[in-house]
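The values are calculated or read from the model by the stated rules, or taken from the named source; none is laboratory data. The structure presented is a predicted model; accordingly, all values stated were derived computationally and were not measured. Don't worry about glycine lacking a Cβ; one is built from the backbone with ideal geometry, like all the others, and counts go over all protein chains shown. Surface accessibility is based on the protein's heavy atoms, side chains included, excluding ligands, DNA and RNA. Shrake-Rupley method; radii C 1.70, N 1.55, O 1.52, S 1.80 Å.
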Amino acid sequence: MAWDELAVADSIWGQGDGPTRARILLLQGCFALEKDEHREAMRRHEESARLYKADGHVHHQAMAELNLGISLVATQRIHEAQIILQKCLEVFEGHQDHKHSAYAITELAYGHFALGEYSQVLDLCADSLGRLLGDTSSLERLEI
């Protein structure tokens, strides 16, 4: 879905129920991430997570917060990112979501990389890769 299409969806459904609005915000935040607009991405992902939380959608909340963590790492707010990403990892593991667990671990590794903690980066990357390759049925071909 292109940014313009998402803007139309927002104008139609954006004032709808919490999960619908949360999904639109999550997608808009992902587009902002793609354009390296981290402040905008953070704003949208924080709001998305808040809406998902209000409706009790813990797993979706964690997905929004995972994206928030990506922007936090990119803007050198490493400690804050690590706390959020660790919570996301716990949610994903609780849902046996190996794919998103691996993504959370990869983002934790980026934080350690930014801090120059390279041995931890290698360990985390190995863990992430092991999780992804342990369950390739949930992955798209490009992800593999």
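Rank these residues by their accessible area, most exposed first, probe 1.4 Å: LYS99, LYS35, LYS53.
Final ranking, largest accessible area leading: LYS53, LYS35, LYS99.
Please list, in chain and number order, the residues 5+ apart from LEU115 or on another chain whose amide H is under 5 Å from its amide H, with Hs placed from the backbone.
The list, which skips near neighbours in sequence, is empty: none.
At q = 0.18, 0.27 Å⁻¹, what base-10 log of I(q)/I(0) does the Debye formula yield for region 56-116 when every alpha carbon is treated as an equal point scatterer in vacuo?
Computed log10 I(q)/I(0) values: -0.52, -1.05.
Can you pull the accessible area of GLU90 for me, 1.4 Å probe, Å² to the nearest 10?
The accessible area comes out at roughly 110 Å².
Kindly report, to the nearest 10 Å², the accessible surface of PHE113 as traced by a 1.4 Å probe over protein heavy atoms only.
About 120 Å², rounded to the nearest 10.
How much solvent-accessible surface does GLU47 expose, in Å² to the nearest 10, with a 1.4 Å probe and all protein chains in place?
Roll a 1.4 Å probe over it and GLU47 shows about 60 Å².
What is the local net charge at LEU124, summed over the other residues whose Cβ is closer than 13 Å to its Cβ (Lys, Arg +1; Asp, Glu -1)?
Values: positive: ARG131; negative: GLU107, GLU117, ASP123, ASP127.
In short, -3.
Give me the net charge for the shell around GLU37: Cβ to Cβ below 12 angstrom, other residues only, Lys and Arg +1, Asp and Glu -1.
That sum, taken over residues with Cβ under 12 Å, equals +1.
Just the C-alpha atoms of region 37-144: what Rg/Rh do they give, with Rh taken as the Kirkwood radius?
Taking Rh as the inverse mean 1/r over Cα pairs, Rg/Rh reads 0.97.
Please find the FRET efficiency linking GLU40 to HIS79, where r is the Cβ-Cβ separation and R0 is fixed at 25 Å, and quote it to the nearest 0.05. Numbers along the way, then the final one.
Values: r = 22 Å, r/R0 = 0.88.
For R0 = 25 Å, the calculated efficiency reads 0.70.
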